[in-house]
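The values are calculated or read from the model by the stated rules, or taken from the named source; none is laboratory data. From a predicted model like this one, the values you see are computed outputs, not experimental measurements. Cβ atoms come from the backbone with ideal geometry, glycine included; neighbour counts cover every protein chain shown.
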Amino acid sequence: MYLYVIYVIILISSYVALIYKHERNEKARRGKEILSIGKNRPISVIGIILIALILFYFAIIAFKARGIRRSFNIYFADIFQLFDIKYIESLMDYFTDEVKVAHLFKMSSYRDLLFKGYMQIPMLLIVFAQMSYRESRENIIYEDGIMLEGRLWKWQELAGFSWSEKNNCKLIFSYDSKLLLSKLHIKVKVKHEDREKINEILSQYLTIEE
C-alpha cells in the first residue's frame, strides 16, 4: 500500500513539476513575445485515445468485479473488498486445494487485472492531464523560437514550415526526429486575418517548404 501511495505521489509530482517549469519559462519570457498565434484544439486524437483506454480499463474491471461477486458472493462482506488486492490474495491462499483450483485461477486472473488497472489508470490520467495542459497553452512566436503545444522550439530545431493545401489557415511545422530518423510535423490552426503576418514573421527564421 505504501509503495502504491509513493507511486501515485511520483506521478502527481511529475505533473506539478511540468506546470511549474512551464509557468517559470513563460514568466522568464515575458516581453520577448513577437506574436500569439492562438491556442491548440481543446483535445487531440491522442487525448481521445487516452480517455478511451481509461474508460476501457474501468469497464473491464467493473465487468470482472461483477462476475467475481456473483461467483463468490459469500466471501465478500462489502463491495470494497472486491477492490482490495490484499483481501483477494488472502482468498487465493484459501483456494489452494485441488477442489478449488478453478476458483484460484479466477481469483489470480482478477487480481492481476486489478493490479494492472491500479498501476496504469493513474499513469494514463496523469499523461492525459499533462497533454491537456500543454494543449491549452497559447502558441507564441518569440525572438529565439516558437512555443508549440506547450514546448519551446528553438528555430534551429525546426526544419521549416508550410501551409496546408486543404486549409489555408492550418500552419504546418516540420522537424527531424532523431529517434524515428524521419521528418515529423506539428499542425497549428491560425486565424485567417493573421495568416499573412505570421507568414512574414516566420519567413525571417524558417524555410518555407513546398
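Listed values, structure above:
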item: Unique match (being more than 30 Å from GLU143 (Cβ to Cβ) and of a type in the set (Val, Ile, Thr)) among ILE34, ILE46, ILE19; result: ILE46
item: All positions within the range 17-27 that are free of Cβ contacts under 8 Å to residues at least 60 places away in the same chain and within 18 Å of the chain's Cα centre (by Cα); result: ALA17, TYR20, LYS21
item: Members of the range 33-60 found to be more than 27 Å from ARG195 (Cβ to Cβ), within 18 Å of the chain's Cα centre (by Cα) and free of Cβ contacts under 8 Å to residues at least 12 places away in the same chain, listed by number; result: ILE48, ILE49, ALA52, LEU55, PHE56
item: Among (1) out of contact with any strand residue (DSSP E or B) (no Cβ under 8 Å at 6 or more places or on another chain); (2) surrounded by 11 or more Cβ atoms within 10 Å (Cβ to Cβ); (3) at pLDDT below 85 - the single one ALA28 does not satisfy; result: (2)
item: Residue match in the range 108-121 (condition: surrounded by 12 or more Cβ atoms within 10 Å (Cβ to Cβ) and under 30 Å from VAL188 (Cα atoms)); result: yes
item: Members of the range 93-107 found to be surrounded by 13 or more Cβ atoms within 10 Å (Cβ to Cβ) and either under 35 Å from the mean Cα position of the chain (by Cα) or at pLDDT 90 or above (or both), listed by number; result: LYS106, MET107
item: Which listed residue is more than 26 Å from the chain's Cα centre (by Cα) and part of a helix (DSSP H, G or I), from ARG70, ARG30; result: ARG70
item: Residue list for the range 64-81, filter: of a type in the set (Gly, Ala, Ser) and within 14 Å of LEU114 (Cα to Cα); result: ALA65, GLY67
item: Flag if SER14 is closer than 17 Å to SER132 by Cβ, polar (S, T, N, Q) and either under 15 Å from the mean Cα position of the chain (by Cα) or loosely packed, with under 14 Cβ neighbours inside 10 Å (or both); result: yes
